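Notes to accompany the following structure.
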Amino acid sequence: MQTSFTPAQLADADIREADGILRKCVHCGFCTATCPTYVLLGDELDSPRGRIYLIKHMLETDARAPATPARHLDRCLTCLSCMTTCPSGVNYMRLVDIARERMARGLRRPAMERMLRTLLMRLLPRPGVFRLALLGAALARPFKALLPGRLGVMAAMAPKRLAPPSAVDRPQVFPAEGARRKRVALMTGCAQQVLRPSINEATVRLLTRLGCEVVVAEGAGCCGALAHHIGETAAAEAAARANVAAWERVMAAGGLDAIVVNASGCGTTVKDYAFLLRHDPVWAERGARIASLARDVSEVIDDLGLRGMRPTDNRPRARVIAYHAACSLQHGQRVREVPKRLLAEAGFEVREPAESHLCCGSAGVYNILQADLALRLKERKAQRLAATGADVVATGNIGCWSQLQGASLMPVVHTVELLDWATGGPPPLEISPFAGASGGVGS
Ligand code: SF4
Ligand code: SF4
């Protein structure tokens with residue numbers, strides 16, 4: 001694609017990077033077929049190629065309040081399916097990040113929209129506040145039809161029950177069982193602690209059983225993804241710097257083999273900390289060092305190896321798993337086969353739904369900000385998952401879990417909860433009605 005930036009524009013490092021990305025696009029349109037919004041809406045401007053044109057025009061003209069690009073970029077899920085499809089290696093993730101950051105500077109959104117975005121940014125990254133908000137939303141749930149617009153959507157999404165806070169999420173060190181093979185930091189995240197604390201509990205049990213010393217770092221918290229995706233760069237950078245500093249302290253105190261992230265949306269962001277912190281060279285370098293240690297939990301378990309692990313008894317478990325590949329894991333981190341292989345090694349039969357490349361509509365807070373499109377994607381995904389005939393859905397991202405658990409008739413659990421169960425941990429709560437089959441890891 002030809003571009004026409006001026007030398008003055010190209011003096012800006014972000015514009016230089018955008019220029020390089022734009023020039024790689026050959027307009028082939030292969031990406032349109034795998035873009036969820038194009039599949040739903042059939043509008044070129046809601047396809048990756050259309051958005052790339054809009055971004056190019058916006059950047060070339062220094063548009064300050066671009067209403068049309070904003071509408072179509074807001075509808076983009078940042079699922080990155082287009083990057084998996086693109087034969088030319090167009091880095092859409094970087095391009096849309098640069099565009100959103102600039103858009104946030106110039107665009108004045110309607111007052112309600114601004115309030116909603118601010119509210120989400122204040123609530124979600126703080127587990128204590130988020131918990132209180134969910135309890136309030138649960139009380140409002142019976143009146144959801146009476147609540148205006150997105151408030152009704154948020155009330156409807158509040159879980160019916162909340163587990164109490166887990167002791168696992170406090171800063172501490174969990175010793176390895178037997179000889180120590182790795183020392184890792186576990187990112188316990190923010191919303192996940194509140195929505196499904198059993199994920200971090202299962203992760204700690206499984207990693208310590210596999211010989212990891214697991215550190216929950218003082219001062220680590222939200223990865224910054226939420227703020228980053230809605231263009232609130234300063235808040236995203238602050239979250240990233242806090243995490244970098246917290247994990248550096250862990251590293252200084254005893255070394256670190258990996259930073260384990262069990263919410264793949266967060267993992268994609270942490271792996272990209274060098275870019276997020278690029279405006280400050282010192283922090284960019286520190287961010288790059290931390291990013292190089294970030295691994296999805298499935299990657300770390302794969303390194304350690306499940307083979308040879310045996311369950312403490314011949315415990316029953318559901319056998320047929322529909323694996324829902326989170327976009328952030330399959331497209332963002334390109335971790336595609338490992339979770340399925342681990343589940344198979346653990347004795348489960350793994351089935352993949354049709355259209356496994358398409359997003360479920362969660363995408364951070366997309367399901368609140370773009371509720372109609374998100375609902376259509378959720379229902380489509382739930383149908384494809386049901387068609388597998390599986391007993392249980394497994395996924396590696398809390399956003400997908402939250403999106404699907406209300407839509408799917410099957411229980412939805414995190415992959416690591418199944419792996420923990422198969423190697424001696426308790427069954428995920430929702431699975432006990434399916435108990436009946438048996439098998440062992442490595443058997
Ligand atoms: S990130 Fe996803 S929604 Fe956005 S343009 Fe690419 S494929 Fe479409
Ligand atoms: S597939 Fe890649 S090169 Fe082709 S239009 Fe999409 S982004 Fe451009």
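The values are calculated or read from the model by the stated rules, or taken from the named source; none is laboratory data. All values derive from a computational prediction rather than experimental measurement. When we count neighbours, we look across all protein chains shown, and the Cβ atoms used for this are built from the backbone with ideal geometry, even at glycine. These area figures cover heavy atoms from the full protein model, side chains too; ligands, DNA and RNA do not enter into them. Shrake-Rupley method; radii C 1.70, N 1.55, O 1.52, S 1.80 Å.
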- Message: Probe radius 1.4 Å, ligands and nucleic acids ignored: give me the carbon and sulfur share of the accessible area of the chain as a rounded percent.
- Response: 56 percent
- Item | 222 nm mean residue ellipticity, helices alone, for the chain (DSSP H n ≥ 4; -39,500 (n - 2.57); rounded to 500) | -14500 deg cm²/dmol
- Message: Springs between alpha-carbon pairs under 10 angstrom, Gaussian network model over the chain: which of A13, A191, A240 fluctuates most?
- Response: A13
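Do any chymotrypsin sites (Phe, Trp or Tyr not before Pro) in the stretch 177-283 lie in a loop, going by DSSP, with at most 11 other beta-carbon atoms within 10 Å of their beta carbon, and if so which? The partial results should precede the final answer.
Working: sites: W247, Y273, F275, W283; in loops: none.
In loop regions of the stretch 177-283 (DSSP not H, G, I, E or B), there are no sparsely surrounded chymotrypsin sites (Phe, Trp or Tyr not before Pro).
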- Query: Hey, what did the stretch 153-243 get for relative contact order, percent, Cα under 8 Å, at least 6 apart?
  - Reply: 32 percent
- Item | For peptides 232-238, 176-182, sequence by mean Cβ density within 10 Å, most packed first | 232-238, 176-182
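Could you work out the relative contact order of the chain, using alpha carbon pairs under 8 angstrom and six or more residues apart, expressed as a whole percent?
So the answer I get is 14 percent.
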- Task: Using DSSP, restrict attention to beta bridges with both residues in the chain and report what percent are antiparallel, rounded to the nearest 5.
- Result: 20 percent
- Message: Quick check for you: with a 1.4 Å probe and neighbouring chains kept, what is the accessible area per residue of the chain, in Å²?
- Response: 41 Å²
- Task: Find out how many positive minus negative residues lie around R336, taking Lys and Arg as positive, Asp and Glu as negative, among other residues whose Cβ is under 13 Å from that of R336.
- Result: -2
- Heavy-atom accessible area of R278 with all protein chains present, probe 1.4 Å, nearest 10 Å²? 50 Å²
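From largest accessible area down, sort K24, K271; use a 1.4 Å probe on the protein chains.
Numbers: K24 105, K271 65 Å².
Ranked from most to least accessible, the order is K24, K271.
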- Please report the relative contact order for the stretch 322-385, taking Cα pairs under 8 Å with a sequence separation of at least 6, and give it as a percent rounded to a whole number. 34 percent
- Task: Over all alpha-carbon pairs of the chain, lay out the pair-distance distribution in 20 Å bins, whole %, shortest bin first.
- Result: 25, 58, 16, 0
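Take the cross-link list K160/K381; K24/K378; K160/K378; K271/K381; K271/K340 and give me the ones stretching past 24 Å between alpha-carbons.
Details: K160/K381 22 Å; K24/K378 33 Å; K160/K378 19 Å; K271/K381 27 Å; K271/K340 22 Å.
Those over the limit are K24/K378; K271/K381.
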- Task: May I ask you to order 112-121, 258-267 by the average number of other C-beta atoms within 10 Å around their residues, highest value first?
- Result: 258-267, 112-121
- Residue ranges of DSSP H helices in the chain that stretch 24 Å or more (Cα, own long axis) and have mean Kyte-Doolittle hydropathy of at least -0.5 are 233-254
- Among P48, P159, P127, residue whose mean-square fluctuation peaks in a GNM of the chain (springs only between Cα atoms under 10 Å): P159
